[in-house]
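The values are calculated or read from the model by the stated rules, or taken from the named source; none is laboratory data. Remember, predicted model here, so these are calculated numbers, not experimental data. Ideal geometry is used to build each Cβ from the backbone, glycine not excepted, and the neighbour counts take in all protein chains shown.
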């Protein structure tokens, strides 16, 4: 159950067997179906998720339209971080795109882990840094790249998601309409 978790974390920190036992006691395993809302807009995020299996989408709702902000896949941490860290109502929704197997930790248990195992603070910082880098790359791409360039980058970095995620969600993530994405795909295949 923690194999993927340790495969991911060992790139950053190494835990002793004793530390692993404490960590495993702090997380719970949860299976959730596709289209399950882990965090809802307007509600406070109370949990952080490590994805063992499945996909989770973070999206915003504006004028009744869902706008995808990020797609989390296996071996990534997912949450509405702003809401989780500040314990304020979320401006995002976190929803599963596939049936998921998750390792779940509450905000309170995470704080306790930071105290009990200082290496967890390093892990938390590195995860936050990666989220910041991802956010900067997305923002930079919206400012500097054309829709076609954004699509090409998405294919190069996340091509596996084209077979797992509905194309209207990918189009939303790229800031284009599904029709525009279809035209881009057609041009690229010619």
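Residue-by-condition table, conditions (1) more than 28 Å from residue 100 (Cα to Cα); (2) touching a residue at least 40 places away in the same chain (Cβ under 8 Å):
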| position | (1), (2) |
| --- | --- |
| 138 | no, yes |
| 142 | yes, no |
| 150 | no, no |
| 158 | no, yes |
| 164 | no, yes |
| 176 | no, no |
| 189 | yes, no |
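On inspection, residue 41 does not qualify as surrounded by fewer than 20 Cβ atoms within 10 Å (Cβ to Cβ), more than 15 Å from the chain's Cα centre (by Cα), outside the structural domain of residue 161 (by TED's automatic domain parsing) and closer than 25 Å to residue 160 by Cβ. From the list 99, 160, the lone residue that is surrounded by fewer than 18 Cβ atoms within 10 Å (Cβ to Cβ) and either assigned by TED's automatic domain parsing to the domain that holds residue 19 or at positive phi (or both) is 99. The residues of segment 102-121 that are within 17 Å of residue 8 (Cα to Cα) and surrounded by fewer than 14 Cβ atoms within 10 Å (Cβ to Cβ) amount to a single one, 121.
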